[in-house]
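Here the structure is laid out as structure tokens; the discussion comes afterwards.
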Amino acid sequence: MTEWSCLVTGAGGFLGRRIVHLLVQEKGLQELRILDKVFEPEVKEEFSKLKNKIKLTMLEEDILDEQCLVTACQGISVVIHTACLIDVRGVIPRDVIMDVNLKGTQLLLQACVRSSVPFFIYTSSMEVAGPNSYKEIVRNGHEGEHRESTWSAPYPHSKKLAEKAVLAANGDTLKNGGTLYTCALRPTYIYGEGSKFLANTISRSLQNNKILINSGRFSIVNPVYVGNVAWAHILASRVLRDLQKAPNIQGKFYYIADNTPHQSYDNLNYTLSRKWGLCLDSTPSLPLSLQYWLAFLLELVSFLLAPIYNYQPPFNRHLVTLCNSVFTFSYQKARQDLGYEPLFSWEEAKQKTTEWIGSLVEQHRQTLKTKTQ
């Protein structure tokens, strides 16, 4: 297939935007449709500049609108599905997360069948594999291991079920008699410019006299730069469309990481922000076992108060486990089957992210200056 077209869902998001910018450089791409519930004004302006390079259509639609999805998929060759809701603190109602992450994926798969879209790439998450316990140690995990999250928390549960739906759909018959081929990518923790998680961490730290709050001191993880995750999606789209290579990845999932050093979440935050005077909190942390059971008690209080008051605990057992586990994965399978090599080195990723954090620090300084005038 020399000429092709692509639909990207969640295109206005942290990862989706990067995928869009890489796609416009792809050979043979005739049309690009980008879908999100809302595109922020700066994102609209950013994408409008791409229209002189390719036929680009922005669709502000709901992932739960079945008819809109069918229309969006008409004439499309490849769907890259990144749209989802991420919530590890229990702030967003469970049914909302399950609807968007699971039902939205199921509806999009159905739309692909009805509109005869042959290729579907799903942005999954390492959280579909765990960690299930902070006591469990996983180093350089791989696709051959049977790892599955046992959490009932809506985010990992919805992503796990959605990934299963995507991989099970591989081989489904399309309306035109063709076949649907799917694959899923499981990135580790994604960092980089524009990360809302990182932005929130920096914001809280600046309000706390540039002290980075301890949240993952006991973890060892292998974070991955957003540009490299986007690049893996591009490679997956190339391989799925290749008649000779495609059978190797159809119906399969891949862990996506890069050469960012294995480290704790706290050390990553410090490494990326220390240039701007931020430092780690030296206050001793509670033992993990105590944090875990305290989280359990807070969840219990939330449950008991539910009939009369919506109490949101500051943390929960899932978050304590996620932030404090030894949980790393190898990308060798992606290298073998997708031809994946990180597009950005650790030094490049660190520099880009550090400079972006510098812009956040400057914005904070300007805000304080305005308030004092």
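The values are calculated or read from the model by the stated rules, or taken from the named source; none is laboratory data. What you see is a predicted model, and the numbers here were worked out from it, not measured in a lab. Here the Cβ is made from the backbone with ideal geometry for all residues, glycine too, and neighbour counts use every protein chain on show.
Looking only at residues in segment 1-41 that are under 19 Å from CYS112 (Cβ atoms) and of a type in the set (Gly, Ala, Ser), the one that is surrounded by the most Cβ atoms within 10 Å (Cβ to Cβ) is ALA11. Of all residues in segment 278-301, those that are closer than 27 Å to SER203 by Cα have Cβ atoms under 8 Å from Cβ atoms of residues that are modelled with pLDDT under 95 and of a type in the set (Gly, Ala, Ser), 6 or more apart or on another chain, in LEU278/SER205; GLN291/SER285.
In segment 334-373, the residue that is nearest to ARG241 (Cα to Cα) out of those that are touching a Phe, Trp or Tyr at 6+ places or on another chain (Cβ under 9 Å) and among the aromatic types (Phe, Trp, Tyr) is TYR340. Checking segment 318-331 against the condition returns no match, with no residue being part of a helix (DSSP H, G or I) and under 30 Å from ARG241 (Cβ atoms). Has segment 131-151 got at least one residue that is of a type in the set (Ser, Thr, Tyr), in a helix (DSSP H, G or I) and either in contact with a helix residue (DSSP H, G or I) (Cβ under 8 Å, 6 or more places away or on another chain) or within 30 Å of GLY216 (Cα to Cα) (or both)? For segment 131-151, residues of a type in the set (Ser, Thr, Tyr), in a helix (DSSP H, G or I) and either in contact with a helix residue (DSSP H, G or I) (Cβ under 8 Å, 6 or more places away or on another chain) or within 30 Å of GLY216 (Cα to Cα) (or both): absent. Beta carbons closer than 7 Å, at least 6 apart along the sequence or on distinct chains, pair a first residue in segment 19-41 that is more than 19 Å from THR123 (Cα to Cα) with a second that is hydroxyl-bearing (Ser, Thr, Tyr) and not in a strand (DSSP E or B) for GLY28/THR2. In segment 25-39, the count of residues that are closer than 17 Å to THR105 by Cα, part of a helix (DSSP H, G or I) and in contact with a strand residue (DSSP E or B) (Cβ under 7 Å, 6 or more places away or on another chain) is zero.
Residues checked against (1) buried (at least 23 other Cβ atoms within 10 Å of the Cβ); (2) free of Cβ contacts under 8 Å to residues at least 24 places away in the same chain:
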residue	(1), (2)
CYS183	yes, no
VAL224	yes, no
GLY251	no, no
ASN267	no, yes
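Just one of (1) closer than 15 Å to TRP346 by Cα; (2) touching a residue at least 24 places away in the same chain (Cβ under 8 Å) fails for SER237. It is (1). Looking only at segment 58-70, decide whether some residue is surrounded by 16 or more Cβ atoms within 10 Å (Cβ to Cβ) and without any contact (Cβ under 8 Å) to a residue 24 or more places away in the chain. Checked segment 58-70: at least one residue is surrounded by 16 or more Cβ atoms within 10 Å (Cβ to Cβ) and without any contact (Cβ under 8 Å) to a residue 24 or more places away in the chain. Of all residues in segment 40-72, those that are in contact with a strand residue (DSSP E or B) (Cβ under 6 Å, 6 or more places away or on another chain), among the hydrophobic types (A, V, I, L, M, F, W, C), closer than 23 Å to GLY104 by Cα and outside any strand (DSSP E or B) total 1. Every condition in (1) farther than 18 Å from LEU185 by Cα; (2) assigned to a helix (DSSP H, G or I); (3) in contact (Cβ under 8 Å) with a residue 60 or more places away in the chain is met by ALA334 except one, and the failing one is (1).
Working carefully through the options PHE296, PHE329, PHE315, find the one that is under 30 Å from CYS183 (Cβ atoms) and aromatic (Phe, Trp, Tyr).
Being under 30 Å from CYS183 (Cβ atoms) and aromatic (Phe, Trp, Tyr) holds for just one of PHE296, PHE329, PHE315, which is PHE329.
When each of THR321, THR367, THR283, THR354 is tested for being among the β-branched types (Val, Ile, Thr) and in contact with a Lys or Arg (Cβ under 8 Å, 6 or more places away or on another chain), the lone residue that passes is THR354. The set of residues in segment 213-256 being of a type in the set (A, V, I, L, M, F, W, C), assigned to a loop (DSSP other than H, G, I, E, B) and farther than 19 Å from ILE80 by Cβ consists of ILE213, PHE218, LEU243. Note on segment 79-117: residues that are modelled with pLDDT of 95 or more and part of a helix (DSSP H, G or I) amount to 21.
Among the residues of segment 301-311, are any hydrophobic (A, V, I, L, M, F, W, C) and closer than 27 Å to SER125 by Cα? Looking for residues that are hydrophobic (A, V, I, L, M, F, W, C) and closer than 27 Å to SER125 by Cα, one finds none in segment 301-311, hence no. For segment 281-305, residues that are at pLDDT 90 or above and in a loop (DSSP other than H, G, I, E, B) total 1. Please indicate, with yes or no, whether at least one residue in segment 194-209 is touching an Asp or Glu at 6+ places or on another chain (Cβ under 6 Å), small (Gly, Ala, Ser) and surrounded by 16 or more Cβ atoms within 10 Å (Cβ to Cβ). So far as segment 194-209 goes, no, none of its residues is touching an Asp or Glu at 6+ places or on another chain (Cβ under 6 Å), small (Gly, Ala, Ser) and surrounded by 16 or more Cβ atoms within 10 Å (Cβ to Cβ).
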